[in-house]
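To keep things clear, I will list the structure first and then write my remarks on it.
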Amino acid sequence: MGKRKRRTSKEQGTTEDMAYFTQQLINAITLGAIYGLIAIGYTMVYGIIGMINFAHGEVFMIGAFISLIGFVICSMLGIGSAPVAILLVLLIAMAFSAVYGWAIERAAYRPLRGSFRLAPLISAIGVSIALQNYVQLVQGARPKPGGQIVSGGFNLFSLDGFDVRISWLQIIIVLVTIVLMAGFTWLIAKTPLGRRQRACEQDMKMASLLGVDVDRTISFTFVLGAALAAVAGMLFLMYYGVIDFFIGFLAGIKAFTAAVLGGIGSLPGAMLGGLLIGLIEVFWAAYFSSEYKDVAAFAVLVLVLIFRPSGLLGKPEIEKV
Amino acid sequence: MNGTAPLIEVEHLTMRFGGLIAVDDVSFIGRPQEITAIIGPNGAGKTTVFNCITGFYRPTVGRLLMRGDRDYLLERMLGHEIGQRARVARTFQNIRLFPAMTVLENLLVAQHNKLMLASGYSVFGLLGLKRYRAAEEAAIALARAWLERIDLVAAADRPAGELPYGAQRRLEIARAMCTEPRLLCLDEPAAGLNPRESAELNQLLVSIRDRDGIGVLLIEHDMSVVMNISNHVVVLDYGRKIAEGAPAEIQRDPAVIRAYLGTDDEAIDG
Amino acid sequence: MDPRLPRMLKDAALTVLVAAALGIFIVGFRTVDVGSRTGLSFDYHFVDLGVALIVIFFGRLGLSLAATGLRWPAIALGIAMIAAGASPMKLPSGFLHWFVTLGGVLLVIRAIWPWADQAIVAAARTPTGRVIDQIGTRWLGWLLLGLAIVMPFTPFADQKTMDLGVLILTYVMLGWGLNIVVGLAGLLDLGYVAFYAVGAYTYALLSTQHGLGFWVVLPLAGMLAASFGVLLGFPVLRLRGDYLAIVTLGFGEIIRLVILNWFDLTNGPAGIGSIPGPTLFGAVFAETAPPGKQTVSEMLGIPFHGIHRLIFLYYIILLLALITNIFTQRMRRLPVGRAWEALREDETACKALGINPTNTKLTAFAVGAMFAGFAGSYFAAKQRFISPESFTFIESAIILAIVVLGGMGSQIGVVLAAVLLIGLPEWFRDLGNYRMLAFGIAMVLIMVFRPRGLIGHREPSIRLHPVAPHPVKSGGSG
Ligand SMILES: Nc1ncnc2c1ncn2[C@@H]1O[C@H](COP(=O)(O)OP(=O)(O)OP(=O)(O)O)[C@@H](O)[C@H]1O
Ligand SMILES: [Mg+2]
């Protein structure tokens, strides 16, 4: 999966190691940004209704597909300018994936409030399986090449002939992520919608007594999470250039790991967790073995849940009895 | 006042949740064959005291000494060990039965550790050995005896969740008693009962104290119950113990009247 | 003209709008690889989308009609949909035929449901109804068992049916095994297939490399899988239910990835082949025996036939499944089984009663894993070739779907669900492609409409009053 440069012979010394390390760091941050965007969806939904939205990875996958289709349409319409195309596709993917987020909550989760403990999770697994196979049926099982929308980059610096490169794409990915995060933080902190969202997160019963429309707020949470996942999908498509109906499974689990690592329920935690998972994955692949990089991610998930289930930035909760 | 030797000694118990001090340096003693009532307004920290005693919360500060076949420091024990070894049983403020299981099954689950041993950790049980069958029959007999005391024999094979509310309250007490405890902690057992059920409950509690001879800690809002059946009363307010003594003394205590009952003297003449 | 009609029409229109937004890109533009440098072009599917939207409009309208009690119009609409789907009228794709027909069927069911429910309840109250209900609850299991035993001797028992029978029974066994974990103990295990894989690889490796036979390895595989269960379960079983689910999923994937990448041991993605099949008292099922062995046909003095091996395999899995079932039924009546169910109901209350939750969960986890290990061993011996592909998350999901659909904790329910979920798609090959899609949707629908599964009835593990009055409750739950 990774865009890694092969490590050449060992003798060339520490400067090259340094350069290699920096290069990996850049790659890791890019990947981490994508995971972070998906992780926000997990964390917000968990924060408000305490369920793991197992289907969230699938929304990310659908966002990637809508982006792919959007880019092809753009090129058919002759929209040559990359920034215009990206912006257009971004908006389309966010809007239409948000509908998925909304519809999933409405159809598969809302009727289950007050059902038994595991019901929402089982339903979410059902949604996940159904969406994966739906996309496989209508779009085919083969991997889809996305083409290159943005190419090129520049050398950051050179050390003993080893170039440390940043591609424009990586810059775009990080920039888009930062801008969206800022906008999103503002939305949650400053707008009435965000205030209602936080109120429900704190105490849903109380919020509803105070006149907050809980159903609407929960829908809003799903819509936001799905829109961010769609952005992640678009960035993933641009970064790796290939997608298929199955990408949501792995990316979803990694992003969930990120959310748990950062402290589920905490928004900065999701971003931090995303970055850490990106780092772990890229560096594991770079220095140990790329075959086991997914094992590393799963192992982190297991270890965090066992030893620090409240994550890095989350508050430990004592169950009230 | 100082009748028998203490059963449980709560010393300097403090429980903090972040900035909130739910229980603040509370000490009291519970004795066998006595009902010790813990009263106080909503949010005073009564349930939190129970949660510390039964191992659901780890106290921030304090010592919880439980006497039995030996001395147990409850604050150092895991939740399930407190029931199993120190033999402290409890009920919950919101009833927590096993709703899909039958009434009888609820009472058998309470005898789990005893039966597990008799079934040779399932091996003898799987082989259908006599030894296990005898133990199971004894367990059923104990359950039946309790069903008779709470008047639920006829409902034994119904799912516990289908029982009326008052019956569920009684069943939860019987289930706790089936663990054969030394100390029984009851969290508002009379909540939501009608006057007739409440009177029956009082009788049951008195019989548990006198016939079974164990110690009872009782959280209760209904002052008539407290005045009628408790031997000793501990009053909490904002996590602190503000008074302690015999029911009659508490009834007259000005601090209690001020904090717990407002200034309205009428309310305590239950 | 009903005054509620405009609102229903508006509602249906809104649903169509949402569906259109969902479908316009993903369904409308099918990306196809044309091989040029630019990559992709489109196959347009707007006609399919349009037809689907029309169906959705009428489907939603029908549901609203049924919900407001306008039963007959709803039924008419449903029948019209069935007719349209089954008619030779050419729809743009085969899927749409299914979509329309199934939509119609569901609509009709929904429309007559309240009435059917009442009728069933009423019928169950009559004397004959009671008898049938008794047969249903008491004798259905025995009936199915009898059928399963005589099946190989019936005229239908050709290669294909036997294969299917073996497949269904394998899933029944896996479902019963997982039912201990999910249905009884209430632990959502999403990595169940990992233990299946452990069993399968144990047999594959021990038989191909050390020449051990199936019957020797079978208990070993079960024990190894159970040990894995304990090993994995110990650190994680303290976790809350949903975290546990994700961690087990993680473990499942870790084991699969290790199998995939540990070439020296497992031969990686290429898998392990030429695994010997099970023997009957040392005799092999083959036309000619390897040196020093005997073939079964020689031993029994009957002419060789390929189906014999299949029949033998069929009875092995039937036996293994029955062992799983009987073991589970016995465990349920023991203290540990009751503690499992109590844990599922309320873990906090269990702790207050002095029950050690971690140990209790661990036994459930280990016992479940053990049966998966048996089944895995059997799978390797039957298939004679295994590779990591057989042990993906999807497999866990299928087993879970069987348990959920059957009604968590119900043994007969698992059988019915396995026949429904595994058997039907195999019979109607057409459905094969849509199988997983249907699984997913079925899981959601079950959770929404019938969270206790097809068979929601729970039989007490013990009774105080032997002949308790057995009140007949709502129709489907008997
Ligand atoms: N797990 C917890 N986390 C945070 N705060 C808690 C927790 N458990 C209890 N508290 C707080 O501690 C305080 C005391 O609660 P507690 O339930 O002990 O009161 P109580 O006396 O039982 O009241 P009531 O009569 O309403 O049952 C309350 O302010 C409550 O919000
Ligand atoms: Mg309380």
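In debye, nearest 20: dipole of chain A around its Cα centre with unit charges on the Cβ of K, R (+) and D, E (-)? Walk me through the numbers on the way to the answer.
On the way: 24 positive and 17 negative charges, 94 e Å.
About 460 debye.
Exposure here means at most 15 other Cβ atoms within 10 Å; with trypsin sites (Lys or Arg not before Pro) in a DSSP loop as sites, the longest stretch of chain B lacking them is B:71-210.
According to the calculation over all Cα-Cα pairs in region B:1-80, the P(r) per 5 Å bin from zero is 3, 15, 26, 25, 18, 9, 3, 1 %. For B:Arg196 and B:Thr60, the FRET efficiency from 1/(1 + (r/R0)^6), where r spans their Cβ atoms and R0 equals 45 Å, is about 0.60. Take the Cα of B:Arg76, step 7 Å toward its Cβ, do the same at B:Val206, and the gap between the two points is 4.1 nm.
Using a 7 Å offset from Cα along Cα-Cβ at B:Glu11, what residues in region B:57-79 end up with backbone N under 20 Å from the label point? Inside the label zone: B:58-78.
Using the heavy atoms of the protein chains alone and a 1.4 angstrom probe, what is the accessible area of region A:14-307 per residue in square angstrom? Write out the running numbers ahead of the final one.
Working: 10580 Å² over 294 residues.
Per-residue value: 36 Å².
Taking a probe of 1.4 Å and counting only protein heavy atoms, give the total accessible area buried between chains A and C in Å², rounded to the nearest 100.
Values: alone 15950 and 25630 Å², together 36200 Å².
So the total buried area for this chain pair works out to about 5400 Å².
Farthest towards the positive end of the charge dipole of the protein assembly as shown, among the residues A:Ala230, B:Leu163, A:Gly161, is the Cα of A:Ala230, using unit charges on the Cβ of Lys, Arg, Asp and Glu.
What stretch of chain A, leaving out the sites themselves, is the longest with no GluC sites (Glu not before Pro) in a DSSP loop having at most 11 other Cβ atoms within 10 Å? Counting at most 11 other Cβ atoms within 10 Å as exposed, the longest clean stretch of chain A is A:1-316. Taking all protein chains as shown and a probe of 1.4 angstrom, C:Phe58 keeps an accessible surface of around 80 Å². Overall, the anisotropy analysis places region C:149-283 in the oblate class: the square-rooted eigenvalues a ≥ b ≥ c of its C-alpha gyration tensor yield a/c not less than 1.5, with a/b not exceeding b/c. Summed over both chains, the accessible area lost when A and B associate is about 400 Å², using a 1.4 Å probe.
Solvent-accessible surface, computed for protein heavy atoms with a probe of 1.4 Å, shrinks by 50 Å² or more for the following residues of region C:389-404 when the other protein chains are added to the isolated chain: C:Phe393. Considering all different alpha carbon pairs of chain B, the Kirkwood hydrodynamic radius works out to 19.4 Å. Are there chymotrypsin sites (Phe, Trp or Tyr not before Pro) in region C:147-250 that DSSP marks as loop and that have at most 15 other Cβ atoms within 10 Å, and which are they? Taking region C:147-250 and a limit of 15 other Cβ atoms within 10 Å, the loop chymotrypsin sites (Phe, Trp or Tyr not before Pro) found are C:Phe156.
Helical content of chain A, expressed as a calculated mean residue ellipticity at 222 nm, amounts to -23500 deg cm²/dmol (DSSP H runs of 4 or more residues, -39,500 (n - 2.57) each, divided by residue number, nearest 500).
Straight-line cross-link partners of B:Lys114 among the aspartates and glutamates, defined as a Cα under 14 Å from its Cα and at least 8 positions apart when in the same chain: B:Glu81, B:Glu136, B:Glu137, B:Glu180.
What's the total accessible area buried between chains B and C, using a 1.4 Å probe, rounded to the nearest 100 Å²? Numbers along the way, then the final one.
Values: alone 12970 and 25630 Å², together 35450 Å².
Buried: approximately 3100 Å² between C and B.
Mean residue ellipticity, 222 nm, helices only, chain C: the sum of -39500 (n - 2.57) across DSSP H runs of n ≥ 4, divided by residue count and rounded to 500, is -22000 deg cm²/dmol. The dipole here belongs to chain C: it is taken about the Cα centre, uses +1 on the Cβ of Lys and Arg and -1 on the Cβ of Asp and Glu, and is about 1140 debye. Simple rule: put +1 on each Lys or Arg Cβ and -1 on each Asp or Glu Cβ in chain C, find the dipole, and look at C:Val131, C:Asn433, C:Leu190; the Cα lying farthest toward the positive end is C:Val131.
Check each of the GluC sites (Glu not before Pro) in region B:72-115 and keep only those in coil by DSSP with at most 12 other C-beta atoms within 10 angstrom; list them in order. Please report the intermediate quantities before stating the final value.
Working: sites: B:Glu75, B:Glu81, B:Glu105; in loops: none.
Qualifying residues, ordered by number: none.
Against the empirical 2.2 N^0.38 Å (N residues), the protein assembly as shown has a Cα radius of gyration ratio of 1.03.
When only the Cβ of Lys, Arg, Asp and Glu is charged (+1, +1, -1, -1), the dipole of the protein assembly as shown relative to its Cα centre reaches about 1120 debye. Here r is the Cβ-Cβ distance between C:Ile307 and C:Glu389 and R0 is 30 Å; the resulting FRET efficiency, rounded to 0.05, is 0.65. Farthest toward the positive end of the dipole of the protein assembly as shown, out of C:Ile180, C:Phe385, B:Asn202, is the Cα of C:Phe385, where the dipole comes from beta carbon charges about the Cα centre.
Please identify the trypsin sites (Lys or Arg not before Pro) of region C:234-281 that satisfy two criteria: DSSP loop assignment and at most 16 other Cβ atoms within 10 Å. Which are they?
Values: sites: C:Arg238, C:Arg240, C:Arg256; in loops: C:Arg238, C:Arg240.
Of the trypsin sites (Lys or Arg not before Pro), the ones in loops of region C:234-281 whose Cβ has at most 16 other Cβ atoms within 10 Å are C:Arg238, C:Arg240.
Based on C-alpha pairs under 8 angstrom that are at least 6 apart in sequence, chain A has a relative contact order of 34 percent. Solvent-accessible area assigned to carbon and sulfur over the protein assembly as shown amounts to 64 percent, based on a 1.4 Å probe.
Protein heavy-atom accessible surface, 1.4 Å probe, per residue over region C:141-449: 37 Å². If you sort A:Ile29, A:Ile129, B:Ile257 by accessible surface, 1.4 Å probe, largest first, the order is A:Ile29, B:Ile257, A:Ile129.
The values are calculated or read from the model by the stated rules, or taken from the named source; none is laboratory data. Just so it is clear, the structure is predicted and the values come from calculations on it, not from any experiment. Note that each Cβ is placed from the backbone with ideal geometry, even for glycine, and that neighbours are counted across all protein chains shown. Ligands, DNA and RNA are excluded from the accessible area calculation, which covers all protein heavy atoms including side chains. Shrake-Rupley method; radii C 1.70, N 1.55, O 1.52, S 1.80 Å.
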